[in-house]
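Data block below; observations after.
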Amino acid sequence: DSGVTQTPKHLITATGQRVTLRCSPRSGDLSVYWYQQSLDQGLQFLIQYYNGEERAKGNILERFSAQQFPDLHSELNLSSLELGDSALYFCASSVDGISSYEQYFGPGTRLTVT
Amino acid sequence: GENVEQHPSTLSVQEGDSAVIKCTYSDSASNYFPWYKQELGKRPQLIIDIRSNVGEKKDQRIAVTLNKTAKHFSLHITETQPEDSAVYFCAASMNDYKLSFGAGTTVTVRA
């Protein structure tokens, strides 16, 4: 157990819908990262937050957005869902992403778009 | 952006033998290289990492080596056991801390 929690574990929804994935980092970690894992694209970095502020952006679609709240939990919002958005979405956290590089992953949310 | 290539994509070894996975990266500014192990349906788990100011790091049966000049790094698992069977991912990170992952290596340890 990494100490990173994610909810829900599984999500099944229809095309065109919107969903919210939630992540709580390890106690004391200020940085949160979101990754998408699919069979054809592998593990792809989406976005990073540090202490409430967006720090880095990767291959995140405009239909996707994220935020980190004052209590440091983060949410990833996926809208206008397409079949191709079906994937495992992981959240990871690190102490600060400045002096400490280690990222610890949560158990993931499996999203199925039908 | 950073591009990480990983080889081989699959690796089958006899229990007790060694396994070696190699990765190359494209950006010489990358300075952090972690390795993750992922079992089916589970989260990627950090097993070892190395920074660019170190050439080799060992942790029991696992070791990682880094060649900055050639821009490649490798994972070595000695005395493999059935529980080592999993998908292994290498990754590289520059100062922006986001991880760029290799495509993964499926390791199967035959009893």
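The values are calculated or read from the model by the stated rules, or taken from the named source; none is laboratory data. Since the structure is predicted, the reported quantities are computational estimates derived from the model, not experimental observations. In this analysis, Cβ positions are derived from the backbone assuming ideal geometry, glycine residues included, and neighbour counts consider all displayed protein chains. All accessible areas refer to the heavy atoms of the entire protein, side chains included, with ligands and DNA or RNA removed. Shrake-Rupley method; radii C 1.70, N 1.55, O 1.52, S 1.80 Å.
Under 21 Å from the Cα of B:LYS71, which lysines turn up, not counting those fewer than eight places away in the same chain?
The qualifying lysines are B:LYS22, B:LYS57, B:LYS58, B:LYS98.
Taking accessible area as the heavy-atom solvent-accessible surface of the protein chains with a 1.4 Å probe, which residues of region B:87-111 lose no less than 10 Å² upon going from the isolated chain to the full protein assembly?
Buried by 10 Å² or more upon assembly, which counts only protein chains, are B:PHE89, B:ASP96, B:TYR97, B:LYS98, B:LEU99, B:PHE101.
Please compute the per residue accessible area over the protein assembly as shown with all protein chains in place, 1.4 Å probe, rounded to a whole number of Å². If you can, show how the numbers build up before the last one.
On the way: 10750 Å² over 225 residues.
On a per-residue basis, 48 Å².
Do any residues of region B:18-58 show a loss of at least 30 square angstrom of accessible area between the isolated chain and the full protein assembly, using a 1.4 Å probe, and if so which?
Going by heavy-atom accessible area, the residues of region B:18-58 that drop by at least 30 Å² are B:TYR32, B:TYR36, B:GLN38, B:ARG43, B:PRO44, B:LEU46, B:ARG51.
Carbon and sulfur: what percent of the protein assembly as shown's accessible surface (1.4 Å probe)? Present the calculation step by step, with values, prior to reporting the outcome.
Working: 5050 of 10750 Å².
For the protein assembly as shown, the apolar C and S fraction of the accessible surface comes to 47 percent.
Could you please state, rounded to a whole Å, how far the C-alpha centre of region A:54-96 is from the C-alpha centre of region B:31-54?
Between the Cα centres of region A:54-96 and region B:31-54 lies a distance of 21 Å.
How big is the B-A contact in terms of buried accessible area, both chains counted, 1.4 Å probe, rounded to the nearest 100 Å²? Walk me through the numbers on the way to the answer.
Numbers: alone 6340 and 6150 Å², together 10750 Å².
Between B and A, the summed buried area is about 1700 Å².
With a 10 Å cut-off between alpha carbons and a GNM built on chain B, which of B:GLY41, B:GLY55, B:GLY16 moves the most?
Evaluated over chain B, the most mobile residue of the options is B:GLY41.
Count charges around B:THR24 for me, please; just the other residues with Cβ under 9 Å from its Cβ, Lys/Arg as +1, Asp/Glu as -1. Provide the component values of the computation, followed by the final result.
On the way: positive: B:LYS22, B:LYS71; negative: B:GLU5.
Cβ neighbours under 9 Å give a net charge of +1.
Counting just the Cα atoms, what span does the protein assembly as shown cover along each of its three principal axes? Round to the nearest Å and put the largest first.
The principal-axis extents, from largest down, are 49, 37, 30 Å.
What dipole magnitude, in Debye to the nearest 20, does chain A give about its Cα centre under +1 on Lys/Arg Cβ and -1 on Asp/Glu Cβ? Intermediate values should be presented prior to the final figure.
On the way: 8 positive and 12 negative charges, 50 e Å.
Dipole about the Cα centre, nearest 20: 240 debye.
To the nearest 20 debye, what charge dipole does the protein assembly as shown have about its Cα centre, counting +1 at the Cβ of each Lys and Arg and -1 at the Cβ of each Asp and Glu?
Details: 20 positive and 25 negative charges, 18 e Å.
Using Cβ point charges on Lys, Arg, Asp and Glu, the protein assembly as shown gives about 80 debye.
Among the lysines, which have Cα under 17 Å from the Cα of A:LYS9 when same-chain residues fewer than 8 positions away are ignored?
Cα-Cα hits under 17 Å: B:LYS42.
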